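Some notes on the structure that comes next.
Values in this text are rule-based calculations from the coordinates and carry no lab data. Since the model is a prediction, treat every value here as computed from it, not as a measurement. Methodologically, a virtual Cβ is constructed for each residue, glycine included, from the backbone with ideal geometry; neighbour enumeration extends over all protein chains shown.
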There are 2 protein chains.
Amino acid sequence: MTTRPAAGKGGSRTDRPKQVYEQLRELIVTGRLAPGSRLVETDIATRFAVSRTPVRGALQRLQQEGYIIDSPSMRQSRPTVAPLTGEDARELFGIVGQLEALAAHNAAELPAAKRQALARELTQVNNDFRKAAQTPRPDHNRLWDLDERFHERCVAVAGGPRLQLLHGSVKPQAERYERLYVSYLAGEITTSASEHEIIIDAIAAGDTHGAKAAVEQNWHNAAERLGRVIEQVGDRGRW
Amino acid sequence: MTTRPAAGKGGSRTDRPKQVYEQLRELIVTGRLAPGSRLVETDIATRFAVSRTPVRGALQRLQQEGYIIDSPSMRQSRPTVAPLTGEDARELFGIVGQLEALAAHNAAELPAAKRQALARELTQVNNDFRKAAQTPRPDHNRLWDLDERFHERCVAVAGGPRLQLLHGSVKPQAERYERLYVSYLAGEITTSASEHEIIIDAIAAGDTHGAKAAVEQNWHNAAERLGRVIEQVGDRGRW
DNA sequence: CAGCGGTAGTTTGTATACAAATCTGTATCT
DNA sequence: AGATACAGATTTGTATACAAACTACCGCTG
């Protein structure tokens, strides 16, 4: 059969590789596809009711973005879900920090009107963030979502096409670790919120170097806190 | 025919997508595939004597890395070679600068013995660089190669797997612009060499912040110089 | 019982056939 | 003459068939 198998609902007919990619990424990020798992093209193709061709595209993208790695085999690639380690977390957070620091730098260079608008927007998100953290039993998904939005706004407003593309590729990988972060470090969320305020002030004041440094510091601190937790809990998928 | 068409020489049988990728990238970087050109899967497949399958993999990678972009069409992707613009150059150099700055920061954190070894290595490369620049008619390829090696060493020594992967993806794109740089700005090469020395000294001294700042400055200056040249010469592939 | 070779099964790599979508050029109608 | 609709050609998206390579298991031999 060469007809479209997954044409059940409306939007299904376009960008099937993208859909497969997004669903697989979701499975990996949420941990339902455990670190170390093998990914077999035919299995995935069957599971999503498509052929191997779009699956191959999705896997290639996931691999290039670092979600899956090649298990050591002679020539053929044997893709497996990448492990979670403290060291990797520190490195990844450092990279994301550098990229977002560049965005913050640019944000502080914007004309004053736009800067102020961005600052107001960020303040509101951050206030919600702080409030959500102080409720008795915080909703982890909501916390993650608010933190995500805070960081994403700077890049969206002040980043060029390349920075947005790259950030869009790298940042989601941090989500695997950030989910641990909000779970185990709920108590330190208010620290993050305070660091965010420093960033906002620097952007509002047009202090490019201050904004850049504050973002770097924010990610550096997060990496340290998270690295310690992961090494306590033990790496996942490392054997 | 389902036999291997390109099995002429020894290493040809593995990683055909990689070979196609590398050859196409070479064509783009050297400008023999002009910005704005359309890339047609079947043409490329014929030209390299492979089927569309490995070609598709290569194109997907090139697209994700930013060498080719989708021309605005409704659903189907119409890949074209990405244009060269001054704005893009500035953004790209800023990103590469951030990544290499992170590597330099880490390099300055290394144990003293390794730091010194790296510094010595860099000094030698940089001296060759300076010397090559001062000859009456400098060899552009050699200049580019030496500059490349200087920057690459830091990342190789002090970067983790992720940073190396990302740098390996992003850096080669700058080559399209760097080739313009050494062509039009041969006179300012000695400035670059001096900036390199500042970086080396900071790494040797273990000055993490100094090393980071020096690398950022080096790329920022290069971006400015190059941006001006490109805007003089005119963007390529923008219409 | 340990080591070794071979064979069957699994999985990826490649090629190709077919379908859907877009683009181009022409002919016709107003 | 200009605009539009239709037909053919191009080109990408998808599915599938086949071949090579790696894995694992089993029986054999020393």
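Shape of the range A:81-217 from the C-alpha gyration tensor: oblate (a/c of 1.5 or more and a/b not above b/c, with a ≥ b ≥ c the square roots of its eigenvalues). When chain A is treated as a GNM with alpha-carbon contacts under 10 Å, the residue of A:D147, A:D207, A:D70 showing the greatest mean-square fluctuation is A:D70. Label-to-label distance, A:D139 versus A:R225, with points set 7 angstrom from Cα along the beta-carbon direction: 2.1 nm. In this structure the amide hydrogen of B:I68, modeled in the peptide plane, comes within under 5 Å of the amide hydrogens of B:Q63, B:A82, none closer than 5 places in sequence on its chain. Inter-copy label distances at A:L165, using a point 7 Å along Cα-to-Cβ, come to 1.9 nm with the shortest given first. What separates the A:R78 label point from its copies, with the point 7 Å along Cα to Cβ, is 4.5 nm, written shortest first. Shape class of chain B from the alpha-carbon gyration tensor: prolate, with a/c at 1.5 or above and a/b greater than b/c. For the residues of B:169-175, the average number of beta carbons from a partner chain within 10 Å of their own beta carbon is 1. Between copies, A:G206 shows label-point distances of 4.1 nm, shortest first, with the point placed 7 angstrom from Cα along Cα to C-beta.
Chain B's nearest residue to the axis relating it to A, judged by Cβ and reported with the distance in whole Å, is B:Q98, 2. Checking the Cα-Cα distances for A:K18/A:K171; A:K18/A:K131; A:K131/A:K171; B:K114/B:K171; A:K212/B:K131; B:K18/B:K212 against a 27 Å cut-off, the pairs over it are A:K18/A:K131; A:K212/B:K131; B:K18/B:K212. Of B:G97, B:G168, B:G210, the residue with the greatest mean-square motion in the GNM of chain B, using alpha carbon springs below 10 Å, is B:G168.
Considering only B:A104, B:T80, A:V55, the residue lying farthest towards the positive end of the dipole of the protein assembly as shown is A:V55, judged by Cα position with unit charges set on Cβ. Placing +1 on the Cβ of every Lys and Arg and -1 on the Cβ of every Asp and Glu, with no other charges, gives the range B:11-100 a dipole of roughly 500 debye about its Cα centre. Helical content alone sets the calculated 222 nm signal of chain A at -24000 deg cm²/dmol, taking -39,500 (n - 2.57) per DSSP H segment of four or more residues and averaging over every residue. Rounded to the nearest 20, the size of the Cβ-charge dipole of chain B about its Cα centre is 1180 debye, with Lys and Arg at +1 and Asp and Glu at -1.
Is the C-alpha gyration tensor of the range B:135-183 telling us rounded, prolate or oblate? Criteria: a/c under 1.5 is rounded; beyond that, a/b larger than b/c is prolate, otherwise oblate. Because a/c hits 1.5 or more and a/b fails to exceed b/c, the range B:135-183 counts as oblate.
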